[in-house]
Amino acid sequence: MRLPVLSEEKMTARQQELAARIAGRRGAVRGPFRVWLHSPEMCERAESLGAFARFDCSLPGHLRELTLLMAARNWDAQYSWNAHVHQAIEAGIPEAAVQAIAEKREAVFDNERDQAFYRFCREVLEEHFVSDETFAAALAHFGAKGLVDTIGALGNFTMLGMCLNTFQVDLQADKEPPFPDIRGYGRVAPDGDRP
């Protein structure tokens, strides 16, 4: 990681309070929270939005995980991908769809609702716009609240990918990069040199 990990002794009272809240909700302070704690105000807001996107928004759990994987792949965020790929499969995302996303191929879902959701997210991430047809199909399945929550989740997970990549949080020397087109990108050898 490009920034030092703050030890509890070096944290302000505000940073300690946030670290305790994050650890209580998420099991530990890791990943992007080690970066965001350097700005307690940003950390608090990012944690709140992230908690909403992951745990509380109107989307079913498997589609929350799908938004995370799609944003992680869009940003080549290895840390997020590695942390959630198995959770997505356990939540009901087909392994073939996960593999297609990893390889930047079109994923196919048996469920019409999931396919409409995937298409909506893919257009947002890749085209930066959504066609009328895709919007109408997603709206019919998820309603206005569901689409607003989807954009919030995609935005949150996009911010997450940007953070992980910029601060090199996602460099995991013990893991093979999950994406074939980024082998060698950003990896750090055990001696600290780039391969």
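The values are calculated or read from the model by the stated rules, or taken from the named source; none is laboratory data. In this text the structure is predicted, and so the values were computed from the model without any measurement. Cβ: placed from backbone, ideal geometry, glycine included. Neighbour counts: every protein chain shown. Keep in mind that these areas ignore ligands, DNA and RNA; they rest on the heavy atoms of the full protein, side chains included. Shrake-Rupley method; radii C 1.70, N 1.55, O 1.52, S 1.80 Å.
Is it the case that segment 48-61 has a residue that's touching a residue at least 60 places away in the same chain (Cβ under 8 Å), among the polar types (S, T, N, Q) and within 21 Å of A107 (Cβ to Cβ)?
no
Could you identify the single residue in Q99, Q78, Q168, Q115 that is open to solvent by 80 Å² or more (accessible area, probe 1.4 Å) and either among the polar types (S, T, N, Q) or in contact with a strand residue (DSSP E or B) (Cβ under 9 Å, 6 or more places away or on another chain) (or both)?
Only one candidate passes the filter, namely Q99.
Could you say whether any residue in segment 34-52 is open to solvent by less than 20 Å² (accessible area, probe 1.4 Å), among the β-branched types (V, I, T) and within 20 Å of T166 (Cβ to Cβ)?
Yes, that holds for at least one residue.
Under 8 Å between Cβ atoms, at least 6 apart or on separate chains: pull out the pairs that start in segment 68-79 with a residue that is in the same structural domain as T166 (by the TED database) and end on any residue that is open to solvent by 10 Å² or more (accessible area, probe 1.4 Å) and among the acidic types (D, E).
Short answer, once both residue conditions are applied: N74/E126.
Let me spell it out: the conditions are (1) farther than 24 Å from N165 by Cα; (2) in contact with a His (Cβ under 6 Å, 6 or more places away or on another chain); (3) buried (at least 22 other Cβ atoms within 10 Å of the Cβ), and L68 meets all of them except one. Which number is the exception?
Evaluating L68 over (1) farther than 24 Å from N165 by Cα; (2) in contact with a His (Cβ under 6 Å, 6 or more places away or on another chain); (3) buried (at least 22 other Cβ atoms within 10 Å of the Cβ) leaves (1) as the failure.
Residue-wise test of (1) in contact with a helix residue (DSSP H, G or I) (Cβ under 7 Å, 6 or more places away or on another chain); (2) of a type in the set (A, V, I, L, M, F, W, C); (3) on the phi > 0 side of the Ramachandran plot.
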| site | (1), (2), (3) |
| --- | --- |
| A53 | yes, yes, no |
| C57 | yes, yes, no |
| T67 | yes, no, no |
| A71 | yes, yes, no |
| W75 | yes, yes, no |
| Q78 | no, no, no |
| Q87 | yes, no, no |
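Can you pull out the residues in segment 121-140 that are crowded, with 16+ Cβ neighbours inside 10 Å and within 16 Å of S58 (Cα to Cα)?
Listed by number, the residues that qualify are C121, A138.
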